[in-house]
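The values are calculated or read from the model by the stated rules, or taken from the named source; none is laboratory data. None of these values were measured; they are calculated from a predicted model. Don't worry about glycine lacking a Cβ; one is built from the backbone with ideal geometry, like all the others, and counts go over all protein chains shown.
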Amino acid sequence: MRLIRARRRSFAGDAEVLADDDHRAEVTAYFADMARPFGTEAVPGLSGHSYGEMARALVGAVVSAAEPVDLLVLAFSVHDVWPGRATATYLSHLCPGTPLSFAVCDQGTASPFTGLRLIRDYNVRRALLVVVEQACLPYPAVAPLPAEHRGVAMLYGDGTGARATDLRQHTDVDAGAVPDLAARAVAELSAGRDARVVLSDALAAVWPEHPAVPAGQPITGVWWHLAEAFDGPADLVVVGDYDPDLRYLSFAAVAGLG
Amino acid sequence: MTALDAVSVYTPAFRVPLEDLAEPLGLTDIQVRLFRRFHGLDRIRFDPDRSLGELLRAAVDGLTALRGREDRVRYVVHGRAMPVVAPYPHNPLHDLCRELGLGHALAFTVTQQSCASGLLAVELAGRLLAADPTEGALALVLTGEKAFTRDAQLLPGTSLFGEGSAACLVSADGPRDRLLSYACAQRGEFDAEFGEQSERFQREYRSSLAEVMRRAVAEAGLALDDIRLVLPHNVNVVTWQRLCLLMDFPVQRVLLSNVPDHGHLFCADAFANHRTATEGGLLREGDHYLVATVGAGAGATFSAMVFQH
């Protein structure tokens with residue numbers, strides 16, 4: 001599995017679809033019905049972004065018409081402001097190759113790594129991993145939210161000149177067990193080579209052995225960095241994330257950058 | 001080869017006649033009569049006392065094959081039609097895994113194929129297990145959802161959703177129901193962004209479903225005549241009657257008996273119908289059967305699997 005290309009982007013403002021009053025009313029009712037059983041109330045004044053709109057721009061930027069894709073995985077943690085949409089199915093229509101498409105979620109910051117793992121296991125000619133997060137909830141937030149709407153799209157496959165990658169995932173990891181497991185994972189993925197290791201702020205909080213990406217983008221943070229590093233000088237980049245609530249420790253390595 | 005080692009289904013005892021759903025869903029008398037007489041729906045199952053996690057738990061509680069083998073479960077995959085069902089960061093799936101002693105498993109939800117996400121969950125579980133070197137590794141596939149809002153209760157002019165759940169223990173090489181093929185066709189052009197297309201969707205629905213069913217049968221190395229039984233999604237009766245005419249397949253070999261009594265149980269239909277088939281002796285050892293479903297809503301996904309019992 002090789003990383004052929006990566007693109008990243010921030011998105012300002014609200015989703016275009018929220019300008020439609022009928023849609024806005026439908027979505028507002030949906031969120032009110034969803035929140036009620038959990039003892040919370042939807043807030044007035046819906047805002048936020050749509051992963052369909054964000055991913056549409058990213059897919060267009062990372063895949064050319066001459067590169068038909070076989071598999072598309074959309075990974076997110078904070079949900080969309082268009083909650084009922086089968087966004088991955090929509091993206092399948094937009095993406096060259098009309099790939100098998102689905103979303104992976106309910107896994108915190110581990111979702112993109114699981115998406116990458118599935119891409120590896122499918123072993124197809126080309127696959128697209130799209131990682132997205134938007135910064136608004138339609139009810140009072142009880143957890144930190146992303147600072148801004150962001151997305152990263154990565155095209156994987158067997159293209160010439162691409163970069164080999166690998167990954168590790170550990171489940172049910174107590175914070176106290178992170179340092180040993182993390183050190184072992186980085187050693188395995190580095191295999192004796194010099195590696196630039198970059199951690200999420202959540203992982204660096206319990207294993208401050210390497211530089212961390214800026215806080216505030218819980219799911220796209222390390223992938224944002226990876227997309228930047230794709231054009232950089234390092235030979236090997238290892239990114240790592242830890243979800244302290246769901247207890248996942250994940251690493252991915254991209255070799256041969258620069 | 002991916003196999004279903006065991007299947008457990010929970011269907012609530014509480015059922016609501018269609019007429020009682022008319023007012024909350026804003027259905028006219030004519031629409032109710034259409035659902036009853038034309039689409040073959042009668043009562044819809046709900047479980048107002050159970051949350052999503054409790055609904056899924058009810059299915060897992062019946063999965064006796066899981067007991068004592070929890071440590072072998074490496075993956076828990078919730079195949080879900082509705083992409084967003086709980087306020088962030090509530091996570092009923094992980095809460096359930098912890099309750100069940102499955103906190104060691106890699107657990108996630110796969111979605112955005114609407115009601116076809118359940119078959120996709122089986123497919124992904126098989127992929128993960130095939131790549132996993134752990135001897136005897138298992139995956140737990142869960143389906144089932146709450147019909148908590150109008151979008152989750154009504155597919156206008158087509159079906160009504162009910163509540164139920166299924167838990168399925170999947171292995172990479174089990175001896176029971178073996179997965180021979182999986183076919184999937186996604187039609188993102190039916191997304192709302194491309195305008196109102198319900199007429200075109202209805203026009204192409206049956207031919208698109210027939211195409212993936214034929215493809216799944218062919219990829220299994222079989223002919224349609226080799227299929228003992230079709231386990232459908234419980235969208236309605238008339239769709240399957242017409243599909244059988246189109247495919248020249250006997251409708252008597254499509255298990256439709258749960259449609260009037262369940263409603264469309266999101267991604268759990270296939271497993272509820274599997275239970276009915278196995279308990280009713282409709283599948284003998286070695287029989288091939290086909291599971292088919294359509295995920296409809298914003299966009300459409302048609303998918304089918306062929307198994308050998």
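Odds and ends about this structure:
- Matching residues in the stretch A:96-113 - criterion: being free of Cβ contacts under 8 Å to residues at least 60 places away in the same chain, within 11 Å of another protein chain (Cβ to nearest Cβ) and at negative phi: A:P99, A:L100, A:S101, A:F102, A:A103, A:V104, A:C105
- Considering the stretch A:163-185, the residues that are part of a strand (DSSP E or B) and within 14 Å of another protein chain (Cβ to nearest Cβ) include one that is modelled with the lowest pLDDT, namely A:D166.
- Checking each residue in the stretch B:255-309 for being within 20 Å of B:C244 (Cβ to Cβ), charged (D, E, K, R) and in contact (Cβ under 8 Å) with a residue 60 or more places away in the chain picks out only B:D269.
- Here A:T40 clears all of (1) without any contact (Cβ under 8 Å) to a residue 24 or more places away in the chain; (2) over 21 Å from B:E193 (Cα atoms); (3) facing another protein chain (nearest Cβ under 7 Å) except the condition numbered (1).
- Some residue of the stretch A:189-203 being assigned to a loop (DSSP other than H, G, I, E, B) and free of Cβ contacts under 8 Å to residues at least 24 places away in the same chain: yes
- Only one of the numbered conditions (1) more than 10 Å from chain B (Cβ to nearest Cβ); (2) modelled with pLDDT under 95; (3) within 25 Å of B:Q113 (Cα to Cα) is violated by A:L46, and that is (3).
- Residues located in the stretch B:163-181, provided they are in contact with a Lys or Arg (Cβ under 9 Å, 6 or more places away or on another chain) and modelled with pLDDT under 95: none
- Filtered residue count, the stretch A:203-258, keeping only those that are within 14 Å of chain B (Cβ to nearest Cβ), on the phi < 0 side of the Ramachandran plot and either surrounded by fewer than 20 Cβ atoms within 10 Å (Cβ to Cβ) or basic (K, R) (or both): 2
- Across the stretch B:118-150, the qualifying residues are those that are more than 20 Å from B:A3 (Cβ to Cβ) and touching a residue at least 24 places away in the same chain (Cβ under 8 Å), and the one among them that is farthest from the other protein chains (Cβ to nearest Cβ) is B:G144.
- Beta carbons closer than 6 Å, at least 6 apart along the sequence or on distinct chains, pair a first residue in the stretch B:198-226 that is within 23 Å of B:A298 (Cβ to Cβ) with a second that is part of a helix (DSSP H, G or I) and at pLDDT below 95 for B:F201/B:F190.
- The set of residues in the stretch B:95-104 being surrounded by fewer than 24 Cβ atoms within 10 Å (Cβ to Cβ) and either out of contact with any helix residue (DSSP H, G or I) (no Cβ under 8 Å at 6 or more places or on another chain) or facing chain A (nearest Cβ under 7 Å) (or both) consists of B:R98, B:G103, B:H104.
- Of the numbered criteria (1) touching a helix residue (DSSP H, G or I) at 6+ places or on another chain (Cβ under 9 Å); (2) crowded, with 24+ Cβ neighbours inside 10 Å; (3) not in a strand (DSSP E or B), the one B:A166 fails is (3).
- Filter result (β-branched (V, I, T) and part of a loop (DSSP other than H, G, I, E, B)) within the stretch B:1-44: B:T2, B:T11, B:T28
- Test: B:G68 is within 11 Å of chain A (Cβ to nearest Cβ), modelled with pLDDT of 95 or more, in a loop (DSSP other than H, G, I, E, B) and surrounded by fewer than 21 Cβ atoms within 10 Å (Cβ to Cβ): no
- Residue pairs whose Cβ atoms lie under 7 Å apart, sitting 6 or more positions apart in sequence or on different chains, and linking a residue in the stretch B:1-16 that is among the acidic types (D, E) to a partner that is modelled with pLDDT under 95 and not in a strand (DSSP E or B), are B:D5/B:G174; B:D5/B:R176.
- Of all residues in the stretch A:216-243, those that are assigned to a loop (DSSP other than H, G, I, E, B) and among the hydrophobic types (A, V, I, L, M, F, W, C) total 3.
For every residue, the table says whether it meets (1) under 21 Å from B:V77 (Cα atoms); (2) surrounded by fewer than 19 Cβ atoms within 10 Å (Cβ to Cβ).
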{"residue": "A:E53", "(1), (2)": "no, no"}
{"residue": "A:P68", "(1), (2)": "no, yes"}
{"residue": "A:H93", "(1), (2)": "no, yes"}
{"residue": "A:R120", "(1), (2)": "yes, yes"}
{"residue": "A:H149", "(1), (2)": "no, no"}
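- Condition met for A:E188 (closer than 19 Å to A:L3 by Cβ and under 17 Å from the mean Cα position of the chain (by Cα)): no
- Here A:G52 clears all of (1) more than 17 Å from the chain's Cα centre (by Cα); (2) in a helix (DSSP H, G or I) except the condition numbered (1).
- Checking B:D47 against (1) in contact (Cβ under 8 Å) with a residue 24 or more places away in the chain; (2) buried (at least 22 other Cβ atoms within 10 Å of the Cβ); (3) assigned to a loop (DSSP other than H, G, I, E, B), the condition it does not meet: (2)
- Check on B:A270, closer than 22 Å to B:L142 by Cβ and more than 14 Å from chain A (Cβ to nearest Cβ): yes
- Positions within the stretch A:132-162 being away from chain B (no Cβ under 14 Å), in a strand (DSSP E or B) and either free of Cβ contacts under 8 Å to residues at least 12 places away in the same chain or not basic (K, R) (or both), in sequence order: A:H149, A:G151, A:V152, A:A153, A:M154, A:L155, A:Y156, A:G157
- Of the strands (runs of 3 or more DSSP E) lying entirely inside the stretch B:195-309, those carrying at least 3 residues that are surrounded by 16 or more Cβ atoms within 10 Å (Cβ to Cβ) and polar (S, T, N, Q) are B:299-308.
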